[in-house]
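Below is one structure, written out as C-alpha cells; the observations come after it.
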Amino acid sequence: MISVKGQVVLPAEARTALGMTPGKAVTVIPDLARKQVVIVPLGQENPVERGYGLLAGKVPSLTRQLMKEKIREAAFEKKKYGIVRSG
C-alpha cells in the first residue's frame, strides 16, 4: 500500500534479506515495460566520498594551477602598477 505521503512499507522479511535497516538509502527504478518498480539498496559509501581522490595523480591539480595563475597575476600587477591586491 502507498501512503498519502507516497511512502511504501517493505515487509520485514524483504528488508532482512536485503540487509536494509532504517535510514538506509535506496534507489527506486521504474520498469515501465513490466509496470513495476525495482528497489535497490545503495552501498554504505557516500557517493560523493567515493569519488574523492578518484582523479588524483591522473590530471593536473586545478588548485595548483589556480595558485600559479594568481602568483603570475600578482607579479604582473606589481610590475605594471606597483601594487599587489590581496584575495
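The values are calculated or read from the model by the stated rules, or taken from the named source; none is laboratory data. Being a predicted model, the structure only gives us computed values, none of them experimental. Please note: Cβ atoms are built from the backbone with ideal geometry, for glycine as well, and neighbour counts cover all protein chains shown.
Quick one: how many residues across segment 38-71 are assigned to a helix (DSSP H, G or I) and surrounded by fewer than 10 Cβ atoms within 10 Å (Cβ to Cβ)?
Matching residues across segment 38-71 total 6.
Scan segment 1-15 for residues that are modelled with pLDDT under 90 and in a helix (DSSP H, G or I) and jot them down.
Matches in segment 1-15: A14, R15.
Could you say whether any residue in segment 43-65 is at pLDDT 90 or above and either touching a Ser or Thr at 6+ places or on another chain (Cβ under 6 Å) or among the hydrophobic types (A, V, I, L, M, F, W, C) (or both)?
Residues of segment 43-65 at pLDDT 90 or above: 65.
With the extra rule that they be either touching a Ser or Thr at 6+ places or on another chain (Cβ under 6 Å) or among the hydrophobic types (A, V, I, L, M, F, W, C) (or both), the set shrinks to none.
No, because not a single residue in segment 43-65 is at pLDDT 90 or above and either touching a Ser or Thr at 6+ places or on another chain (Cβ under 6 Å) or among the hydrophobic types (A, V, I, L, M, F, W, C) (or both).
Just need a number here: residues in segment 8-24 that are surrounded by 10 or more Cβ atoms within 10 Å (Cβ to Cβ) and among the polar types (S, T, N, Q).
1
Take T27 and tell me if it is exposed (fewer than 10 other Cβ atoms within 10 Å of the Cβ) and in a strand (DSSP E or B).
yes
Could you tell me which residue of segment 72-83 is surrounded by the fewest Cβ atoms within 10 Å (Cβ to Cβ), considering only residues that are modelled with pLDDT of 85 or more and of a type in the set (A, V, I, L, M)?
Ranking the qualifying residues of segment 72-83, first place goes to A75.
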